[in-house]
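Take a look at the structure below.
The values are calculated or read from the model by the stated rules, or taken from the named source; none is laboratory data. Every value quoted in this text rests on a predicted model; they were computed, and no experiment measured them. Reconstructed Cβ throughout: ideal geometry from the backbone, glycine too, with neighbour counts over all protein chains shown. Accessible surface areas use protein heavy atoms only, side chains included; no ligands, DNA or RNA. Shrake-Rupley method; radii C 1.70, N 1.55, O 1.52, S 1.80 Å.
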Amino acid sequence: MDARSVAPRQRSASWKLAAGADSSTQGIVATGFGSLPTGRALFLELGAPDQPWRNGGKWLVSLNAIAPITAAVPPSKHGEQRTARHAAAIAFTWTGLQRMGLPETALASFSRPFREGMMQTDRLRRLDDRRGGVWRGTVLDGGPRWSANTSSAAPPPPPPAAFDVARDREDETVRTPITVHAILLLYTEDEASARALETRVTAELGGQGIRAVLRRELLLDLEHDGVSREFFGFADGLSQPAPYDERGAVTLDGKLVVEPDPIHGVPLGEFLMGYVNGHGEKAPGPVVPGDLNGTKDPRPVNAGLEPSAEAQGFYDLGLNSSYMVVRELEQDVAAFWKNMDENAAAMRARDPVHADHITADWLAERIVGRDKDGHLLCPGGKMKADANNLPDSNYLFHERDPHGVGCPLGSHVRRANPRDTLAPSEKERQTLLDAANNHRILRRGRKFGPEVDDPRTDDGKERGLLFICLNTDIARQFEFVQQTWLLNSDFATLFGEVDPLIGSDGRMTIAEQPLRRTVHVRTFVKMAGGDYFFLPSLPALRYLEML
């Protein structure tokens, strides 16, 4: 791992939610809690699997007394901002909401991907996790450890609509050894604080029959302005979307952001339900009934939920909520760098005259698409730093590097957000950029596990990235990015190639002038578990407490 450090620099401005929305939204939406570098991810199971759960959501009251779920409004004292010592976020799987007793009509109002869960057969196929009843090489040997195990609990899906893919019935009950009903994310100042908070939380929840069936130690070794290094040694957390809202729900430097940033602008409704999304519609969300068995239910009003504008007699559970995608991705650091060493040596041996510049770092940078400090590769070198001396993310591929001579067409960076890469000509650039931004996700992940002492020695320890992203349309955003960009073997005029960083074994093309080189990359990242979660607003969370 690259051990170089980057001196702290003055932070650039970051977007915030405007007054009203900020106090109703979980803080993880608008911030990565960068001032709190350590923490825990606790995967919770509500009660014994073979026993009914009778405590509803009342346990959330006790949890909130120990680790209050943090709102997007910054904590203040006497009108002045102060730094919080810890923060928390919580999200629930479909089986978790069902187990807590959310009414059936409410459960049915969630989106289809959430109701089915990540382990549903068709969803596994489009994510390229499982095909023909066999786990792919990009999944942990033996299959993932954990999921919501939704398939056996969810009601049968409705008949497919006109544009739905045909359903695959060969394996409808993929199950994992561990069932997760909720994920609790704790963020703290240091490791001692993380241990102490985890101990208090697990003791309190354990007394109520709730187990942390899996835990991960989170780490954010922040170097500058939200940028840290993942375990392969590359700067991470770059090129996030810039939300805006035409009705004034987003601010930047204290000013309302009602128009899109020319490159990164994405409507707030792509990340928060109840706001206008990229299709000019309010992002839909779940609702809860105002009457139960003919009797008025006071809980929606007492929790602060607003009446639904679309469903008469129901209340809006989705407003200021989001869907959270979580995937535990284990990284084999030693295998990655061993593969880079072997490929670099083979290239120099085949072409001793023109390949003497090829090193393991050179290859790794082209797999990622950036250098280790996060600067985009370009023809002849790399992009210069921005005005804050940080990696510049304000670029378009079509004008800077249309043929991928600097940043390869199949690199991870280019696939994860192609911007205007796919435009066939100059006149289609804006259209393709707008289309790409309709699939953006808001990343909130952190790495887990111990730091690497020697990147070329396998120490046998588990480490990787707890991938977390927020979106309001799982199929159009997260699943689209995974299927159509990252793991599309015909992406951007390529053939038979997938993402070289997170994809399966295969070749990658690296364009050089006048040569074109190919390199065989192996599988370095494996999915160890994952599922779809509902990240409730603060009023929605209060409603869940009353179940």
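Can you compute 3J(HN,Hα) from phi for each residue in the range 462-478, using the Karplus curve 6.51 cos²θ - 1.76 cosθ + 1.60 with θ = phi - 60°, rounded to whole Hz and x for Gly and Pro? Each residue of the range 462-478 in turn: 7, 7, x, 10, 8, 5, 9, 9, 10, 7, 9, 10, 4, 5, 7, 9, 4 Hz.
Under 5 Å from the amide H of residue 396 lies no amide H of any residue 5 or more positions distant or on a separate chain, with H modelled from the backbone and absent for Pro and chain starts. The simple spin-label model puts a point 7 Å past each Cα toward its Cβ; for residue 58 and residue 362 those points are separated by 6.7 nm. Among the protein heavy atoms of the chain, carbon and sulfur supply 51% of the accessible surface, probe 1.4 Å, non-protein parts ignored. Residue 256 sits among other residues whose Cβ lies under 14 Å from its own Cβ, and their net charge, with Lys and Arg +1 and Asp and Glu -1, is -3. Rounded if a/c is under 1.5, else prolate if a/b beats b/c, else oblate: with a ≥ b ≥ c from the C-alpha gyration tensor eigenvalues square-rooted, which is the range 320-380? The shape class here is oblate.
Each Lys or Arg adds one and each Asp or Glu takes one away; over the other residues whose Cβ falls under 9 Å from the Cβ of residue 119, this sums to 0.
Dividing the mean sequence gap of close Cα pairs (under 8 Å, 6+ apart) by how many residues the range 322-404 holds gives a relative contact order of 15 percent.
In plain terms, the chain from residue 384 to residue 512 could stretch by 44.0 nm, reckoned as 0.36 nm per residue minus the Cα-Cα distance. Across the range 370-491 the C-alpha pair distances fall into 10 Å bins from zero in the proportions 11, 33, 36, 17, 3, 0 percent. Label-to-label distance for residue 291 and residue 178 is 4.5 nm, based on points extended 7 Å past Cα in the beta-carbon direction. Protein heavy-atom accessible surface, 1.4 Å probe, per residue over the range 440-511: 38 Å². Once the Cα-Cα distance is subtracted from the 0.36 nm per residue extended length, the residue 196 to residue 261 segment shows a gain of 19.2 nm.
Inter-label distance, residue 403 to residue 426: 1.8 nm, where each label sits 7 Å from its Cα along the C-beta direction.
Packing here is the average count of other Cβ atoms within 10 Å per residue, and on that basis the peptides 211-221, 254-264, highest first, run 211-221, 254-264. Principal axis extents of the Cα atoms in the range 257-353, from largest to smallest and rounded to whole angstrom, are 80, 35, 18. Seen from residue 56, the other residues with C-beta closer than 10 Å to its C-beta sum to a net charge of +2, counting Lys and Arg as +1 and Asp and Glu as -1. The convex hull around the C-alpha trace of the range 367-417, projected and averaged over every direction, spans 3.4 square nanometres.
Taking every C-alpha pair closer than 8 Å and separated by at least 6 residues, the mean separation divided by the residue count of the range 264-331 gives a relative contact order of 30 percent. For the pair residue 221 and residue 48, a Förster radius of 41 Å applied to the C-beta separation gives a FRET efficiency near 0.60, rounded to the nearest 0.05.
Between their Cα atoms, which of 382/427; 384/427; 447/526; 16/255; 338/461 are more than 20 Å away from each other? Those over the limit are 382/427; 384/427.
Scoring 267-277, 516-526 by mean Cβ neighbours within 10 Å over their residues and listing the highest first yields 267-277, 516-526.
Cβ-Cβ distance of residue 453 and residue 301, R₀ of 60 Å, FRET efficiency by 1/(1 + (r/R0)^6): the value works out to about 0.60. Relative to the globular-protein estimate of 2.2 N^0.38 Å, the Cα radius of gyration of the range 396-444 stands at 1.12.
The angle between the Cα long axis of helix 191-206 and the longest principal axis of the Cα atoms of the chain comes to about 40 degrees, rounded to the nearest 10. Short-range pairs are left out: with C-alpha atoms under 8 Å and at least six residues apart, the relative contact order of the chain is 22 percent. For the range 514-535, the residues whose backbone nitrogen is under 18 Å from a point 7 Å from the Cα of residue 335, taken along Cα to Cβ, are 520-530. Ranked by the mean number of other Cβ atoms within 10 Å of their residues, highest first, the peptides 529-536, 433-440, 198-205 come out as 529-536, 433-440, 198-205.
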